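The values are calculated or read from the model by the stated rules, or taken from the named source; none is laboratory data. The structure displayed is predicted, hence computed values, not measured ones. Please note: Cβ atoms are built from the backbone with ideal geometry, for glycine as well, and neighbour counts cover all protein chains shown.
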Amino acid sequence: MPKRALITGITGQDGSYLAEQLLGEGLEVFGMVRRSSTETFERIAHLRDRVTLVQADLLDQTSVIRALQRAEPQEVYNLAAQSFVPTSFEQPELTAQYTALGVTRMLEGIRAVDKRIRFYQASSSEMFGKVRESPQSERTPFHPRSPYAVAKAYGHFMTVNYRESYGLFACSGILFNHESPRRGLEFVTRKITDGVARIKHGLARELRLGNLDARRDWGFAGDYVRMMVAMLRQDRPDDYVVASGETHSVRELCQIAFARAGLDWERHVVVDASFIRPAEVDLLVGDPAKAGRELGWQPTVDFRGLVEMMVDADLARIGQAVARRELRH
């Protein structure tokens, strides 16, 4: 009987790449999804006949336990969360319920159903917030600067606590920003590449952004899910920073993205103060040395390659949409 894995957040960017990897390894993959009147399965549409979806909600402990009982997994990857930072300022309580307490419900479910299950928690570089040192490593103190980051810090320490208190094989991956053509349109990287494509195809003239000087450590999501799997396959559980080790500004991202489409970014980008966060995180850059040393992980896609991959995908997607619309008319 093949090994089984349960992924919460399977319909998201990371969930879709992770499902592809686990299926490629021969695992039977279950995805935990919330009941919704509008199904959004586009990122896993090409996998629908190969994964089993089970309905459950991180707000409902009973449904989480039932999902674990049905899937009978050896590995659980908890990727589900309210993961958009600006929304966390608008809906801090909901963010806490999903992103913080949802972790406790998953851990309690594992403790009740099968303590042998190996658990991966999606922690975030946003937990470092107002950074005390650069680059940030597993030993850098947290100073979260958003309700999202605070909730992630809770989930991170709860994972450590269940590992130490109950002997669970529980790991946290402190992932720095990781992007792809499957990234949600609300995130700045995809907002930029989608905007570039719309401007190139004549559907827009400008792109409104917030702090162009904010710097992040950006990598390719497909590389980062490999590290999630590696964490659960090692001999003992531990936590790891997963990052490129380089930092780039939103301004640099714009320069590369617009240039890829043959456009001058300065003619189209407008700074809009309404997009600037109440408490900004100005510089995040991770130190992935431990991940490389202990698990042999290295990223395969660099920053320029990532941005150009995303621009190319959005140019093709919007170009096809424009062509279909012209055919109809």
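For Val307, are the conditions met, namely being closer than 16 Å to Lys191 by Cβ, loosely packed, with under 12 Cβ neighbours inside 10 Å and of a type outside the set (Lys, Arg)? No; evaluated as a whole, the condition is false for this residue.
Out of segment 81-102, which residues are among the hydrophobic types (A, V, I, L, M, F, W, C) and in contact with a Phe, Trp or Tyr (Cβ under 7 Å, 6 or more places away or on another chain)? Give the steps one after another, and end with the answer.
Filtering segment 81-102 for residues among the hydrophobic types (A, V, I, L, M, F, W, C) gives 81, 84-85, 89, 94, 96, 100-101.
Result: Ala81, Val85, Ala100.
If we scan segment 136-159, do we find a residue that is out of contact with any strand residue (DSSP E or B) (no Cβ under 8 Å at 6 or more places or on another chain) and on the phi > 0 side of the Ramachandran plot? There is no residue in segment 136-159 that is out of contact with any strand residue (DSSP E or B) (no Cβ under 8 Å at 6 or more places or on another chain) and on the phi > 0 side of the Ramachandran plot.
Run down Tyr148, Tyr166 and say which single residue is more than 16 Å from Thr247 (Cβ to Cβ), under 15 Å from the mean Cα position of the chain (by Cα) and not acidic (Asp, Glu).
Numbers: Tyr166 fails: under 15 Å from the mean Cα position of the chain (by Cα).
After applying the criteria, what remains is Tyr148.
Do the conditions hold for Leu295, that is, is it at pLDDT 95 or above and of a type outside the set (Gly, Ala, Ser)? So Leu295 fits the description; yes.
Summed over segment 86-99, the residues that are surrounded by 23 or more Cβ atoms within 10 Å (Cβ to Cβ) and among the aliphatic types (A, V, I, L, M) give a count of 0.
The residues on offer are Val311, Val307, Val322, and the sole one that is closer than 21 Å to Arg182 by Cα, at pLDDT below 95, part of a helix (DSSP H, G or I) and not charged (D, E, K, R) is Val322. Figure legend. Inter-residue proximity from segment 126-151: first residues free of Cβ contacts under 8 Å to residues at least 24 places away in the same chain, second residues among the aliphatic types (A, V, I, L, M), beta-carbon distance below 6 Å, spacing 6+ or different chains. Indicated pairs: Phe142/Met127; Phe142/Ala153; Pro144/Met127; Pro144/Val150; Pro144/Ala153.
For segment 167-261, give me every one of the helices (runs of 4 or more DSSP H) that falls completely inside it and has 1 or more residues that are without any contact (Cβ under 8 Å) to a residue 12 or more places away in the chain. Spell out how you get there, then give the answer.
Working: elements: 188-200, 221-233, 250-260.
The qualifying helices (runs of 4 or more DSSP H) are 221-233, 250-260.
Once segment 57-85 is narrowed to residues that are within 15 Å of the chain's Cα centre (by Cα) and over 30 Å from Glu25 (Cβ atoms), the residue that is surrounded by the most Cβ atoms within 10 Å (Cβ to Cβ) is Val85. Of these, Arg163, Arg132, which one is in contact with a strand residue (DSSP E or B) (Cβ under 6 Å, 6 or more places away or on another chain) and of a type in the set (Lys, Arg)? Every option except Arg163 fails the conditions.
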